[in-house]
Each structure stands twice: as structure tokens, then as C-alpha cells.
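All of the numbers you see were taken from the coordinates with simple rules; none came from a lab. Bear in mind that the values here come from a model prediction, so they are computed numbers and not experimental data. Heads up, the Cβs are rebuilt from the backbone with ideal geometry, glycines too, and the neighbour counts pull from every protein chain shown.
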Amino acid sequence: MTASQKAWSPVRWAKNGGVQIAYDRFLAAPADGEPLLLLMGLGTSRRWWPDGFCAALAAHGFAVARYDQRDAGESTHLQDAPARNPIAALTGKRREIYTAEDMADDAIAVMDALGWESAHLLGASLGGAAAQRVALRHPDRVRTLTSSSAVPGDMAGVRTLRYIRLGTLAKLARLKFPDTREGDVEAGVALARMLASPARPFDEQAVRARIESSPDPGVRDQKAQSRQIGARWHGPPVSSLRTPTLVLHGEDDPLIRPAAARRIATTVAGSSLAILPGVGHDLPEHAWPDVADRVRRHAGLGQRRTAHRA
């Protein structure tokens, strides 16, 4: 068992209809802490959340849990989508396999399984859009919302393209690696390199070591990614959000333009915006203390405290 695996509880599953959602809890977090649920992005598993960042959140008094969205990680994978890649899923007409409302309800199923009546949400990339939708659909279950590196949750289809750097998206769509463990590792390293800030050195050795400890085949699974992208939102607009909202975005994001964050922040009444220097479409180690502290202050918690094993 790796050090990362020892940091988390055994995997458990929540149920939303016929879909099983894999989740776990950070063991060093205070058992009586403020509940915080982490939502990861397109196609990738919950293990892309850095353990060091989760430790920083736990030290601030959060009880941290994370889950795999449907069609990612150990959660249920649905039937094949007709779209061949994420670009086609955004621009083409297709049959909807499930809705964005279904994905929002997956988060609620995890909270129910954890025994949390409400929680703070922190979502990255597609997880940020999903977190916005959870707060729109279930406002009584969300204490605060932090959306990072995300497009507005009410955007879909070609309207989303105004916020996406199409050159990077095309490169992602062209990634091809063998269906092996080694292929998963190489795909993960390539993805991490592509999404990192071009203004900072890329630490391939550290990234490779992290990915080798838990390779994620979801990086290669474009059909699953297409199904997630193809899940349309039919609910109220982001302007209807009344949950206290913090919007974060990397200044050097090579995939989603910071204009997306500014659009969310100007649309949601009373929200706060932070553009993070030296950050791409990722969460690099140098940003962990700052981001964790911003989430703490947004949640109204006190100063840093010593974490203990739950």
C-alpha cells in the first residue's frame, strides 16, 4: 500500500439510482471538522487531488472527502457515447446518456452516504461546473461554493467554446497511448504537462512519481469524457446562485480562459474572484497554502489548527 493510499479511508460507494459513486475520506482530517467535498474534473479520478493540498485543508479544520464522478475512476461507467472525442461532444448533435442534473445528484448521494446534511464544495474544472450545479439544484445542502478553473455551469455546447483554448483542446483530443498501465502513466504525465503553467518549470519527476502510484485510465477514455461533456444542464442560470461563492482561476491556464472565471464572478451576486499567479489548469504545490487559506476564509473558519487522525 502506497503512502497516498494510507492517507485515505477504504473506498466506499454511494448510490444514485443504478449508478454507484466511489468516494473516500482523508484520514488525517478532524472527524468533527467542517465537511468539505471535492469534485474533480473531466474524465479523471478523485486521486488527482494532491494529498498535500488535502492535508492543508484538513489542517484548517475541514473534514475532507472526495469522489469519482460517474464515468470516471471507480464509479459506474455508462454505455458508449456516439461522439468520438470531447470536441465532437461539444459541437455535435448527440443522444444524451445522462443529464448534468444527474451528475449534481451524484454529489448529494455521496453527502447522504457520509451523513452530511450540508457541506462546503470545492470543484476543479468540470468539477467546478458540477459544483455550481449542485448549489443551484440543492441550495440547502451547500454551505459555500468554491469553483476553480471552470466555465459557467449553465454553459453548454458551442457556447462553451468562447472560454476554451481550442488549440489545447485539440492537443488533448489527439493524445493516444496504449491500453496498458504504462500507457496510463504516460498519458497522465502528458496531460499534467499540457495543463501546467507554461511560466513555471514542469517537475516531471514529481509528477511521474505521483501518477505511477495510481495510474488513471480515464485520461485516455475519450468516450467517457464525451458522455460527461454531453450531460446538458436544464436548470436555472448561474445568475440564480445565492450560495456564498469563491471563484478561482489560474492566470496561466492553458485550457480555459480566465474570462470564464470573470463571467462567473460578475454573474453571481456577492461572489469573490481570485486570479492565481503561476497557476495553470492545475493545482501546483506552490499554490496549496494560498488556495487552502482562501477556502478556509471563504468558509468562515478560524486560523490554522493542527490536524489529527480521524
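For segment 179-196, in order, what is each residue's ³J(HN,Hα) by Karplus, 6.51 cos²θ - 1.76 cosθ + 1.60 with θ = phi - 60°, in whole Hz (x at glycine and Pro)?
7, 9, 4, 4, x, 5, 5, 5, 5, x, 5, 4, 5, 4, 5, 5, 8, 6
Using just the C-alpha positions of the chain as equal point scatterers, what log10 of I(q)/I(0) does the Debye formula give at each q in 0.07, 0.11, 0.12, 0.13 1/Å?
With no solvent term, the Cα-only Debye profile gives -0.23, -0.60, -0.73, -0.88.
Can you sort Lys176, Lys171, Lys223 so the residue with the fewest Cβ neighbours within 10 Å comes first?
By the 10 Å Cβ count, ascending, the order reads Lys176, Lys171, Lys223.
How would Val268, Val189, Val158 line up from fewest to most surrounding beta-carbon atoms within 10 angstrom?
Values: Val268 25, Val189 19, Val158 10.
Ascending number of Cβ neighbours within 10 Å: Val158, Val189, Val268.
Calculate I(q)/I(0) for segment 169-310 by the Debye formula, one identical point scatterer on each C-alpha and no solvent, and give its log10 at q = 0.17 Å⁻¹ to two decimals.
-1.18
Over all directions, what mean area does the Cα convex hull of segment 147-238 project, stated in square nanometres? It would help to have the intermediate numbers written out before the result.
Values: hull surface 29.1 nm².
With the hull built on Cα positions only, its mean projection is 7.3 nm².
Could you tell me how far the Cα centroid of segment 116-158 sits from the Cα centroid of segment 175-200, in Å?
Rounded to whole Å, the Cα centres lie 26 Å apart.
What's the tally of Lys pairs in segment 3-299 whose alpha-carbon atoms lie under 30 angstrom apart, where the two lysines are 8 or more places apart or on different chains?
Working: Lys6/Lys15; Lys15/Lys93; Lys15/Lys223; Lys93/Lys171; Lys93/Lys176; Lys93/Lys223; Lys171/Lys223; Lys176/Lys223.
Final tally of qualifying lysine pairs is 8.
Which three extents, in angstrom, do the Cα atoms of segment 214-253 have along their principal axes, listed largest first?
37, 29, 19
Calculate how many DSSP beta bridges within segment 3-299 are antiparallel, expressed in % of all such bridges and rounded to the nearest 5. Before the final figure, lay out each step's value.
Working: 10 of 34 bridges.
Of the beta bridges lying entirely in segment 3-299, close to 30 percent run antiparallel.
Which of Ala187, Ala104, Ala269 moves most in a GNM of the chain, Cα contacts under 10 Å?
Top of the fluctuation ranking is Ala269.
How do Thr245, Thr99 rank when sorted from fewest to most other Cβ atoms within 10 Å of their own Cβ? Display every interim value, and only then the final one.
Details: Thr245 26, Thr99 16.
Lowest count first: Thr99, Thr245.
With a point put 7 Å past each Cα toward its Cβ, work out how far Ala3 is from Ala113 in nm, to one decimal.
Placing both labels 7 Å along Cα→Cβ, they lie 2.8 nm apart.
When Lys and Arg each count +1 and Asp and Glu each count -1, what net charge do the other residues less than 11 Å away from Lys176, Cβ to Cβ, add up to? Could the numbers behind the result be given before it?
Working: positive: Arg174, Arg220; negative: Asp179, Glu186.
That sum, taken over residues with Cβ under 11 Å, equals 0.
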